[in-house]
Amino acid sequence: MNTKIVSVDNFMDNDEGYKQAVDILKNGGVVAFPTETVYGLGAIATDEQAVQKIFEAKGRPSDNPLIVHIGNKADVRKYASGISEAAEKLMDAFWPGPLTLVFEKIPGVVAPNVTPGVSTVGLRMPDHPVALRLLRELGMALAAPSANRSGKPSPTEAAHVEEDLKGLIPLILDGGQTGIGLESTVIDMTMSPPVILRPGGATQEMIEEVIGPVQFNAKETGGKTPRSPGMKYLHYAPEAPLYVIVPDEEKIRNAVTTLKNEGKKVAVIGPDEFKVTDADWYFAVGPIHDSEKMAVNLYRALRQCDLTDADIILAVETDLNGFGAAVMNRLLKASEGKNYTD
Ligand code: TXA
Ligand code: MG
């Protein structure tokens, strides 16, 4: 399959690009498009065969449910029931935006493979002009996971989508780099208090300001059946083993020296300020303690590591508050919990 990449820049006449995307989707195909978090790979959420193509292109396990993207807030009632007052408040505060709300689904509306094995459906209204225009011109909801091959970091640029899915999908709408850089927060509104299943672009602090205390699902790496099925899969893993390391320039320098003495090639993902010139590669991801900037740049840095022949990656941790919770959640997965302590 030939993969077309169409730029949908704000300053150009993009009618043709959207028309192509809508045609492909209406004919049961898939299209990659930017959202404010990461690029998504969309198919019409009520078309089972089209949704099947998402799983095939991504190599995604078929029991992992997809987020349904809507272009208007009111559409939530077409798909979900039991919408609480707290949920209304969250939708008012965050939509369009990086918050996915999980509700009881109205049976028989979305295709069965969108919500395999669960009685719920995750919905969000993305805050990106391209995603919103696409949804509105289409007039239907899109089931859309991140547009990466399963196990790769989510794409924050059209080039990342191309890297992973070239030849497997017909069209990528290129809207430039995504603004947030990490996926949406997923919150289970069927529980009381609601439970954050995946930290992301809407922080726990921001959510609690609107509806009061929520829970954080801490069991995601434990043995119990995860409530968000995606949590049980290895995610975001670069090719070389990744270790999280404390933000101490001298400790990092020593680690690099030790590893290089062992004959290893070392890549470091760290703040702009550290000058670890001995590292074979240093990918700077923003000012120290700025977890929001780190979120923007982390996935690109992980992909850059994969383009090197590093034997080991050291990723400098950030603070846990605000965006840091989501950043450290992704690093925990990419490292499988490994910390560099030596
Ligand atoms: O920012 C995002 O959320 C991006 C953009 C494209 O919207 N999408 C995204 O989708 O990250 P995906 O499929 O890569 O991750 C969706 C996560 C998975 O962990 C999945 O298990 C969980 O959300 N999820 C989806 N529907 C769910 C449901 N009904 N119940 C529990 N978890 C659900
Ligand atoms: Mg994903």
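Against the test of being over 21 Å from GLY201 (Cβ atoms), modelled with pLDDT of 95 or more, in contact with a Gly (Cβ under 6 Å, 6 or more places away or on another chain) and open to solvent by 10 Å² or more (accessible area, probe 1.4 Å), the options GLU85, GLU104, GLU48 yield a single qualifying residue, GLU104.
If you go through the range 127-143 and keep only what is charged (D, E, K, R) and touching a helix residue (DSSP H, G or I) at 6+ places or on another chain (Cβ under 8 Å), you end up with ARG133, GLU137.
Results for (1) under 19 Å from LEU25 (Cβ atoms); (2) within 12 Å of ligand 2 (Cβ to nearest atom); (3) touching a strand residue (DSSP E or B) at 6+ places or on another chain (Cβ under 7 Å), shown as yes or no for each residue.
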residue: ARG124; (1), (2), (3): yes, no, yes
residue: PRO129; (1), (2), (3): yes, no, no
residue: LYS152; (1), (2), (3): no, yes, no
residue: ASP164; (1), (2), (3): no, yes, no
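For the range 69-80, which positions are open to solvent by less than 50 Å² (accessible area, probe 1.4 Å) and outside any helix (DSSP H, G or I)? Passing the criteria: HIS69, ILE70, GLY71, ALA80.
What do you reckon, is SER150 within 13 Å of ligand 1 (Cβ to nearest atom), among the hydroxyl-bearing types (Ser, Thr, Tyr) and open to solvent by 20 Å² or more (accessible area, probe 1.4 Å)? Against the criterion (within 13 Å of ligand 1 (Cβ to nearest atom), among the hydroxyl-bearing types (Ser, Thr, Tyr) and open to solvent by 20 Å² or more (accessible area, probe 1.4 Å)), SER150 qualifies. In the range 153-170 there is no residue matching the filter, namely being open to solvent by 60 Å² or more (accessible area, probe 1.4 Å) and over 18 Å from ARG60 (Cα atoms). Inside the range 160-201, residues that are closer than 12 Å to PHE33 by Cα and of a type in the set (A, V, I, L, M) make up a count of 5. Only residues that are outside any loop (DSSP other than H, G, I, E, B) and either open to solvent by less than 10 Å² (accessible area, probe 1.4 Å) or among the acidic types (Asp, Glu) (or both) were counted in the range 56-68, giving 4.
Taking first residues from the range 87-101 that are of a type in the set (Val, Ile, Thr) and partners that are open to solvent by 50 Å² or more (accessible area, probe 1.4 Å), no Cβ contact under 6 Å between residues at least 6 apart in sequence or on separate chains turns up.
The values are calculated or read from the model by the stated rules, or taken from the named source; none is laboratory data. Note that the coordinates shown come from a computational prediction; the quantities given were computed from them, not determined experimentally. Cβ: placed from backbone, ideal geometry, glycine included. Neighbour counts: every protein chain shown. Ligands, DNA and RNA are stripped out before the accessible areas are found, and what is left, the full protein with its side chains, is counted by its heavy atoms. Shrake-Rupley method; radii C 1.70, N 1.55, O 1.52, S 1.80 Å.
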